[in-house]
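First comes the structure, then the notes that go with it.
The values are calculated or read from the model by the stated rules, or taken from the named source; none is laboratory data. Here the structure is a predicted model, which is why all the values come from computation and not from measurement. Reconstructed Cβ throughout: ideal geometry from the backbone, glycine too, with neighbour counts over all protein chains shown. Please note that ligands, DNA and RNA were not included when accessible areas were found on the heavy atoms of the full protein model with its side chains. Shrake-Rupley method; radii C 1.70, N 1.55, O 1.52, S 1.80 Å.
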Amino acid sequence: MTIGLIIAGISFILLLMIYNHRKKLFIKSHDLYKQMQAEERAKVRARELGQIDDASIEGRGRIANESHIKSLLHKVEYHFDNNEVDDAEACVVELLELSGNDPHIQHQMGIVHIKRHDWEKAEALYKELTKLKLDAKHFVNLGEVLLMQEKLEEALDAYLYGLEMNRDYAENFMQAGYVYEKLGHPKEAKEMYEKAFEIEPENIELRTYIENL
């Protein structure tokens, strides 16, 4: 009889413990459900009030992406200034992936090729860029690459096309003048140098060229 009472008592205690445990789990689950409902209601209210929406979320992502691109562009300039071509190229490759091969970023890759004296790759790249006629600098760089390969007539064409796009770019006039000079046309060379000097009157090198001619 005593053993039976003890077993019954233990069973009751175990049942009570199981009940209390299940009750705690139920309360915890209910509280978690209430918290999730509250968070969802808060999101709905925020959207209704215009505090957040899908467009603003996308906008924040776009701003973060643009900020990263700007950071990489600064790094490219820094590496170029310090003649760290490999590091510059790594940044440009990442920029091309982020920008979807943007022509202005491709221009940076062209500079990488120029700094490595890889004239053929630079020529091919800038010839594609100049077809778009987006930036006079593309023509100037193409002219430089062609000039380094002694392709004087093609280089002159590149510089003159660049001048059609932008007549305020002194370097373009200077380079065209230099090619005219190499081709044995001092009159045209002087005209180019004089136009460049009008844009950069403080340029002593230009003054010397003009006086020599």
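First select every other residue whose beta carbon is under 12 angstrom from the beta carbon of K182; then total the charges, Lys and Arg +1, Asp and Glu -1.
Around K182, the surrounding residues sum to -3.
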Over 20 Å (Cα to Cα) among K115/K195; K70/K115; K75/K115; K151/K182 -> K115/K195; K70/K115
Kindly rank 65-71, 114-120, 102-108 from highest to lowest mean number of other beta carbons found within 10 Å of each residue.
102-108, 114-120, 65-71
Ignoring ligands and nucleic acids, what accessible area does K195 show with a 1.4 Å probe (Å², nearest 10)?
80 Å²
